[in-house]
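K.L.:
One structure, pasted below without further comment.
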Amino acid sequence: MSLEFRHIAHAYTGRTGRVEALSDIAFTAPSGKITCLLGSSGSGKSTLLNLAAGLLPVQAGTISVDGNEMAAPGINPPPEARPVGLVFQDGALFPHMTIAKNIAFGLPRSGSIGGDEALIEEWLERVGLTGLGPRFPHELSGGQQQRASLARAMAPEPQVLLMDEPFASVDIVLRRRLRRDCRRLLREAGTTTILVTHDPEEALDIADQIAVMESGCIIQFGTPEDLHERPTTPSVGAIFGGAQIVSATRKGDALITSMGAWPLSCVAGDVPEEAELDLLVHAETLGCVADPQGLEVVDVHPLGVASRLLLQSVQGEEITVQSTAPVEEGARYRVVPHAGSVRAFLKT
Ligand code: ADP
């Protein structure tokens, strides 16, 4: 079951005026795949998820399921009338119910005596909580609570699962494990999933495709590989490729930056004369040459064979480079990218 968003826009009107939270959102979450909405706080991820869930009315645009309109202005079925399951950041388990009862909550009555119990046991086992059915939520760790809420959301076999930062409250080591288990369960069940996260590593790890959101818009939509290898904006390159953004102007055969003049040959591809640019550069592809007029090393962070150096220009702008040679804080270097290692974007 695919979930399609077409021309979705949303604004909040409050005491402090109108906030345009989403504008012209269009993408499809394909059947059986995990689509991540990735963006920083305030980019509109939760608003979009809540529109799909039926927790907010659609103001503009449509949300369709397998091509059939599910929600549109004036058509807003409640969450329980949609083929969706929900998982929230804090798990949102019912505190006065045991874990088994929480999981049983959304199940249609099976009719056969013991039918639900067997299904609940099966789900407890699938999410790694065997034997914990009689406990109450406060008797479980944060990670276990998230596993329980995953079981509760998945047990009724929703065709679409909407997850809002489901691993955010779990510590980093458990989070990786929980993420892996979650991905496996979703793939096994063939559930169409939309998962909200602000963590690029998480999105790269779990998603089949990622919608990168910024200020209420999707700035790039693609597979993890697309975003990593072929970013269409400097910010996507910085988020996924670990690249840094440096402003530059082309003057003849040079790129004038606040880090010094770089040869034009460091850019892969053509750059118009006098163009104002954002350059994407990687710490590993920046060479360093000792130069008393160069940038100052303000931090040295050893990483085994190499060190990460933070260099600062006189204007206070910083750039990170990687060096295998021993370097002291306070030393000065000129930084030059390797030939063809820089991706240039025209400033918008
Ligand atoms: P995210 O989930 O990416 O953090 P949100 O969807 O929560 O972003 O918010 C998008 C924008 O809408 C933000 O500017 C936020 O301040 C605003 N916003 C969210 N909820 C409300 C609300 N109930 N009233 C007014 N503004 C809101």
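The values are calculated or read from the model by the stated rules, or taken from the named source; none is laboratory data. What you see is a predicted model, and the numbers here were worked out from it, not measured in a lab. Note that each Cβ is placed from the backbone with ideal geometry, even for glycine, and that neighbours are counted across all protein chains shown. We work out accessible area using only protein heavy atoms, side chains counted, and drop any ligands, DNA or RNA first. Shrake-Rupley method; radii C 1.70, N 1.55, O 1.52, S 1.80 Å.
K.L.:
Out of residues 5 or more away from Val87 or on other chains, whose amide H comes under 5 Å of its own, with H placed 1.01 Å from N in the peptide plane?
P.N.:
For Val87, whose amide H was placed from the backbone, the distant partners under 5 Å are Leu162, Met163, Asp164.
K.L.:
Give me the percent of accessible area attributable to carbon and sulfur for the chain, probe 1.4 angstrom.
P.N.:
Carbon and sulfur together cover 52 percent of it.
K.L.:
Using mean Cβ contacts within 10 Å as the protection proxy, how do 268-276, 180-188 order, highest first?
P.N.:
Sorting 268-276, 180-188 by mean packing, highest first, produces 180-188, 268-276.
K.L.:
Hey, got the dipole for region 46-174? About the Cα centre, +1 on K and R Cβ, -1 on D and E Cβ, debye to the nearest 20?
P.N.:
So the magnitude is around 160 debye.
K.L.:
To the nearest 10 degrees, how steep is helix 172-189 against the longest Cα principal axis of the chain, on a 0 to 90 scale?
P.N.:
The helix 172-189 is inclined about 60 degrees to the chain.
K.L.:
Between region 182-224 and region 119-170, what is the separation of their alpha carbon centroids in Å?
P.N.:
20 Å
K.L.:
With both partners inside the chain, how many of the DSSP beta bridges are antiparallel, as a percent to the nearest 5?
P.N.:
Counting only bridges with both partners in the chain, antiparallel ones make up about 75 percent.
K.L.:
Then there's this: Using only Cα atoms, what Kirkwood radius does the chain have, in angstroms?
P.N.:
With all distinct Cα pairs of the chain included, I get 23.0 Å.
K.L.:
Nearest 10 degrees is fine. How inclined is helix 142-154 to the longest principal axis of the chain, computing both from alpha carbons?
P.N.:
In the chain, helix 142-154 runs at an angle near 60 degrees to the longest axis.
K.L.:
Further question on the same structure: Convert each backbone phi in region 251-261 into a coupling constant with the Karplus relation 6.51 cos²θ - 1.76 cosθ + 1.60 (shift: θ = phi - 60°), then list the ³J(HN,Hα) values in order as whole Hz, x for Gly and Pro.
P.N.:
Residue by residue, region 251-261 yields 10, x, 8, 10, 10, 8, 10, 6, 9, x, 8 Hz.
K.L.:
Heavy atoms only, 1.4 Å probe, whole protein assembly: order Ser41, Ser258 by accessible area, highest first.
P.N.:
Ser41, Ser258
K.L.:
Using modelled backbone amide H atoms (1.01 Å from N, in-plane), which distant-in-sequence or interchain residues come within less than 5 Å of Gly287's amide H?
P.N.:
Correct list: Val336, His338.
K.L.:
Mind ordering 166-174, 311-319 by average Cβ neighbours within 10 Å, highest first?
P.N.:
166-174, 311-319
K.L.:
What 222 nm value per residue comes from the helices of the chain, counting each DSSP H run with n ≥ 4 as -39,500 (n - 2.57) and dividing by all residues, nearest 500 deg cm²/dmol?
P.N.:
For the chain, the value works out to -6500 deg cm²/dmol.
K.L.:
Given Cα positions, please report Rg to Rh for region 243-346, the hydrodynamic radius being the Kirkwood one.
P.N.:
0.97
K.L.:
Write down the percent of antiparallel bridges among all DSSP beta bridges whose residues are both part of region 104-248, to the nearest 5.
P.N.:
Roughly 50 percent of the DSSP beta bridges within region 104-248 come out antiparallel.
K.L.:
Using unit Cβ charges (K, R positive; D, E negative) and no other charged atoms, how large, in debye to the nearest 20, is the dipole of region 3-239 about its Cα centre?
P.N.:
Computed charge dipole of region 3-239: roughly 320 debye.
K.L.:
Follow-up question, since we're still on this one. Ignoring ligands and nucleic acids, what accessible area does Glu214 show with a 1.4 Å probe (Å², nearest 10)?
P.N.:
80 Å²
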